[in-house]
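The values are calculated or read from the model by the stated rules, or taken from the named source; none is laboratory data. Bear in mind that the values here come from a model prediction, so they are computed numbers and not experimental data. Counting neighbours? That spans all protein chains shown, and the Cβs are built from the backbone with ideal geometry, glycine included. Calculation scope for accessible area: heavy atoms of the full protein, side chains included, ligands and nucleic acids excluded. Shrake-Rupley method; radii C 1.70, N 1.55, O 1.52, S 1.80 Å.
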Amino acid sequence: MEVGTIVKGFYKTGTYIGEITAVRPQHYLVKVLAVVKHPTQGDLHSIKQVDVPLFHERRALAYREQTNIPLHMVKPYEGEVPDYKESLRLALEQQMVELQEENSPWAKRCLENLAVLQKEYKL
């Protein structure tokens, strides 16, 4: 893939649609245009655990923020690129619904983090 290609990339625990702005030996530099999946909250080394030293609050990457994504985590994207703010709202709501259905202590803690982020995002 080359500079200017619209792609879908997985970064940490989030998934984004973006544009490649640079090609590096092991990464693509991708400018974020939309959110597909909001990042997972909590300690990634202790999945679904609440009693951890630091329960991380993970924000989605911002509109037009650039990030390095490993080459194998990027695929071409076909279709129309959704509006960033609307895609963020939908991704956040989808994750909140999934967590409400899980109804575990970890899910409740994630929902608390996401409620704070929802206010900060002004959605």
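A few notes on this one:
- TYR63, sole failed condition from (1) open to solvent by 90 Å² or more (accessible area, probe 1.4 Å); (2) touching a His at 6+ places or on another chain (Cβ under 9 Å): (2)
- Pairing residues of the stretch 89-118 that are in contact (Cβ under 8 Å) with a residue 12 or more places away in the chain and open to solvent by less than 70 Å² (accessible area, probe 1.4 Å) with residues that are small (Gly, Ala, Ser) and assigned to a helix (DSSP H, G or I), at Cβ distances under 6 Å and at least 6 apart in sequence or on separate chains, gives LEU99/ALA107.
- Within the stretch 45-85, tally of residues that are touching a residue at least 12 places away in the same chain (Cβ under 8 Å) and on the phi < 0 side of the Ramachandran plot: 28
- Taking the stretch 19-38 as the range and being without any contact (Cβ under 8 Å) to a residue 24 or more places away in the chain and either open to solvent by 40 Å² or more (accessible area, probe 1.4 Å) or within 28 Å of HIS56 (Cα to Cα) (or both) as the test, the residues that pass are GLU19, VAL23, PRO25.
- Residue-level analysis places GLN41 outside the set of residues that are outside any helix (DSSP H, G or I), at pLDDT below 95, of a type in the set (S, T, N, Q) and more than 14 Å from GLY14 (Cβ to Cβ).
- Qualifying residue in the stretch 43-59 (condition: closer than 15 Å to LEU123 by Cα, open to solvent by less than 40 Å² (accessible area, probe 1.4 Å) and not polar (S, T, N, Q)): no
- The lone exception for TRP106 - which of (1) assigned to a helix (DSSP H, G or I); (2) touching a helix residue (DSSP H, G or I) at 6+ places or on another chain (Cβ under 6 Å) it fails: (2)
- Scan of the stretch 2-12 for residues that are surrounded by 15 or more Cβ atoms within 10 Å (Cβ to Cβ) and over 12 Å from ASN68 (Cβ atoms), ordered by number: THR5, ILE6, VAL7, LYS8, PHE10
- When the residues of the stretch 66-87 are filtered to those that are part of a helix (DSSP H, G or I) and more than 18 Å from PHE10 (Cα to Cα), the one that is least open to solvent (accessible area, probe 1.4 Å) is GLU86.
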